[in-house]
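Colleague: Submitted below is the structure of interest, expressed as structure tokens.
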Amino acid sequence: MTKDDRVIMASEVGVLDLPPEMIAQKGRLQPGRMFLIDTEQGRIVADEELKNKVATEHPYQVWLNRNHVLLENLPGPPHVHEPDHQTVLQRQQAFGYTFEDLRFILGPMANDSVQPLGSMGTDTPLAVLSNKPQLLYNYFKQLFAQVTNPPIDPIREEIITSTETMSARRATCSNPHPKAAA
């Protein structure tokens with residue numbers, strides 16, 4: 001934050017060349033923290049204030065208690081389909097599996113019970129330039145910065161990560177609803 005009320009936020013230090021005497025406050029966005037600038041009030045909203053405001057706006061615990069359903073309380077599936085080996089190739093093609101997916105991802109998972117290794121980057125050509133059939137979502141890929149951050153460790157960083165998975169309809173944050181709390 002500068003002394004003339006500007007906030008500069010970037011992924012790297014030194015994005016803008018500012019004289020040190022112009023800097024009012026320096027910092028970084030810490031894990032699990034939120035950063036909000038209220039432009040109407042002209043202030044930075046503190047992390048604790050923001051989280052407290054959102055957490056107390058609605059009776060989330062009441063909603064959760066009223067709508068929470070455990071998996072063991074659900075009825076079993078009506079029918080378990082037998083594997084259909086004659087149509088497996090057709091289904092793999094329909095769902096976009098490639099030879100590389102089978103060889104480098106599913107193969108190691110099935111044979112060795114290990115998570116597949118891969119890189120964050122992609123060298124896949126654009127779908128629009130391919131002469132092979134493509135799934136619709138292949139036309140809408142977003143490129144991202146290729147960084148070498150270490151993987152997330154949910155045990156060491158349990159304060160901000162979780163391995164818990166919940167399955168429910170999701171509401172938007174801007175329109176909380178009791179049924180979306182479960």
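The values are calculated or read from the model by the stated rules, or taken from the named source; none is laboratory data. Everything numeric in this text was worked out from a predicted model, so none of it was measured. For accessibility, only protein heavy atoms count, side chains too; no ligands or nucleic acids. Shrake-Rupley method; radii C 1.70, N 1.55, O 1.52, S 1.80 Å.
Colleague: Within region 58-74, count every residue that is closer than 9 Å to Lys179 by Cα and of a type in the set (S, T, N, Q).
Modeller: Residues in region 58-74 being closer than 9 Å to Lys179 by Cα and of a type in the set (S, T, N, Q): 1 in total.
For (1) open to solvent by 100 Å² or more (accessible area, probe 1.4 Å); (2) charged (D, E, K, R); (3) on the phi > 0 side of the Ramachandran plot, each residue gets a yes or a no:
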| site | (1), (2), (3) |
| --- | --- |
| Leu71 | yes, no, no |
| Leu89 | yes, no, no |
| Tyr97 | yes, no, no |
| Arg103 | yes, yes, no |
| Gly107 | no, no, no |
| Gln115 | yes, no, no |
| Leu129 | yes, no, no |
| Tyr139 | yes, no, no |
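Colleague: Follow-up question, since we're still on this one. Across region 29-48, what is the number of residues that are β-branched (Val, Ile, Thr) and open to solvent by 90 Å² or more (accessible area, probe 1.4 Å)?
Modeller: Residues meeting the conditions: 1.
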